[in-house]
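Beneath this line is the structure, given in C-alpha cells, with notes to follow.
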Amino acid sequence: MGDVDDVLRQLRRHPDVEAPNLYAVDAADRLILDVAAEALATAEPGTVVVIGDHYGALTLGAIAGHDLREVRVHQDLLTGEVALANNARAVGSSDRYATHPLGSAALDGARVVLLRLPRALAGLAEIADAVARYAHPDVVVYAGARDKYLTKSMNDVLAQSFSEVRASRGRQKSRALLVFGSKPAGDPVFPVRDRLADLGLEVVAHGAAFSGARLDIGTRFLLEFSPQMKPDARDAIDLGCGTGILAVALATRRRSIRVVATDQSAAAVASARATAEANGVAGRVTVVRDDAMSCAADNSADLVLCNPPFHVGAAVHTGSAIKMFAAAGRVLRPGGELWTVYNSHLGYRALVERMVGRTEVMGRNRKFTVTRSVCGLRDRWQ
Ligand SMILES: C[S@@+](CC[C@H](N)C(=O)[O-])C[C@H]1O[C@@H](n2cnc3c(N)ncnc32)[C@H](O)[C@@H]1O
C-alpha cells in the first residue's frame, strides 16, 4: 500500500486491451474518490462496496487512501476483475478486498458504495435495484462517469430506487452523483424475458447484457446464414455470447450439435445460461465466463460464431475484435469456420483473413457484412 497517487500511477489495464489512448485510471475515478473521501474516512470494516471498477482505481485508491479492510467488489467484466487482482498484487492490497456477484453477498449491510456508472441504463437499473434492496437503508452511493457518458436518463433510473440524486460540481470533464434515500424494493425486474416469435426463442437478459432481451439487428442478419454454417459441425462456440441467442438458436436448429457460449461479462453469462434453460437446450449449451475463450484448447472447435464488440469499454477501438478473431484462429480445427458480422464501415475482412484464413463475404445489407473464414493450416495466425 502507499500514497493514493502512487498506487493509481502503477495501475495497468492488462489483460484488457492496452494502447496509448486507453487508460487504467481517469478523472472520474479520482473525482469519485475525492467526493467520497469523508465517508470513506469513517467507514467501518466491511461496509464499503465498489461496483463497476474498471481496473482497480476505485478499490485500490480507496484502500490506499483510508486503510480500508474487507472491501467488497462487484465487476461485470472478467478482464476488470483480473486487472484488479493483478494491480492489487502489485501494490500489496490483495488481502483487503473480495469479489462477489451482484446481490446480497456483495451488498448486505453496505453503507458506502462507490460506483462507476455503466453506459447501459438497464445495467444501471439492476445495480440501483440491488443496492436499494440489500444495502443498509442509510447507504450513500457515490457514482461517477466522464461527462460524455452521463445522461439525464441516468438520474431517472437512479430515482426509481432512491429518493435523492444530487450532482457534484464537474471536474476535468467528469461528474459524480450522490445518491441516497433507498426506496423499498418491489418484485425484482431483472432478469427480463422476451419471446422472439420469428425465431421461436425465449431470451432472458440481465441488465448489463448486450441488447437486453431484444435481438440485435446484426445478430439477426448473421442468423439468416445459419443453414450454411458448416453443416457437418459437431461442436460450435458462440464467442462473446451476450444473452446466448446465437448459441441457443444453433442448438435448437441442430439437434446433435454441442455449443459453448462464452463471454467475459457476468451478466451475459447468467443471461445465456437462463436463455439456454428457457429453450430446453441447457444440456447441449455450456456457458463459460472467460476472456476471449482463453480456456478453450487449440484446434478444438468446428465452428465459431462471433458478433464482436467494436468498443473497448467506452472507446471505439478494434482491439477487442482483433483479440477475438485471433482466438478463433487458434481454437478452430483446420477446415473449421468462423462466421462473423460487423458494421460494413469497419472493413474487418482483411483482419479475419489474416487471423483465421480464407475469407468470403457471404452477405451484405445496408449496414452489416457477414463473412465466413475457413481455418487453414498454412493460413493459421500465430
Ligand atoms: C456485440 S455483443 C454480441 C452479443 C451476442 N453474441 C449477440 O449477438 O447478441 C459482443 C459481446 O462480446 C462480449 N465481449 C467483449 N469482449 C470480450 C472478451 N474479451 N471476451 C469475451 N467476451 C467479450 C461482450 O460482453 C458482448 O456480450
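Tabulated values for the structure
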{"read-out": "Residues located in the stretch 251-263, provided they are farther than 20 Å from residue 194 by Cα, aliphatic (A, V, I, L, M) and not in a loop (DSSP other than H, G, I, E, B)", "value": "259, 260"}
{"read-out": "Number of positions in the stretch 182-238 that are part of a strand (DSSP E or B) and in contact with a Leu (Cβ under 7 Å, 6 or more places away or on another chain)", "value": "4"}
{"read-out": "Residue check for residue 15: free of Cβ contacts under 8 Å to residues at least 60 places away in the same chain, more than 21 Å from residue 149 (Cα to Cα) and assigned to a loop (DSSP other than H, G, I, E, B)", "value": "no"}
{"read-out": "Subset of the stretch 240-263 (residues that are within 13 Å of the ligand (Cβ to nearest atom), among the small types (Gly, Ala, Ser) and either surrounded by fewer than 22 Cβ atoms within 10 Å (Cβ to Cβ) or on the phi < 0 side of the Ramachandran plot (or both))", "value": "247, 249, 261"}
{"read-out": "Some residue of the stretch 206-227 being farther than 30 Å from residue 35 by Cα and away from the ligand (no atom under 16 Å from the Cβ)", "value": "yes"}
{"read-out": "Pairs where the first residue, in the stretch 286-298, is at negative phi and the second is assigned to a loop (DSSP other than H, G, I, E, B), C-beta under 6 Å, 6+ apart", "value": "291/15; 291/264"}
{"read-out": "Condition check for residue 78: in contact with a strand residue (DSSP E or B) (Cβ under 8 Å, 6 or more places away or on another chain), open to solvent by 30 Å² or more (accessible area, probe 1.4 Å), within 16 Å of the ligand (Cβ to nearest atom) and within 20 Å of residue 162 (Cβ to Cβ)", "value": "no"}
{"read-out": "Matching residues in the stretch 133-182 - criterion: being open to solvent by 20 Å² or more (accessible area, probe 1.4 Å) and of a type in the set (Gly, Ala, Ser)", "value": "153, 159, 163, 167, 168, 170, 181, 182"}
{"read-out": "Criterion: modelled with pLDDT of 95 or more and under 19 Å from the mean Cα position of the chain (by Cα) - qualifying residue of 53, 16, 34, 6", "value": "53"}
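The values are calculated or read from the model by the stated rules, or taken from the named source; none is laboratory data. Note that the coordinates shown come from a computational prediction; the quantities given were computed from them, not determined experimentally. Heads up, the Cβs are rebuilt from the backbone with ideal geometry, glycines too, and the neighbour counts pull from every protein chain shown. In case anyone asks, the SASA skips ligands and DNA or RNA and just uses the protein heavy atoms, side chains included. Shrake-Rupley method; radii C 1.70, N 1.55, O 1.52, S 1.80 Å.
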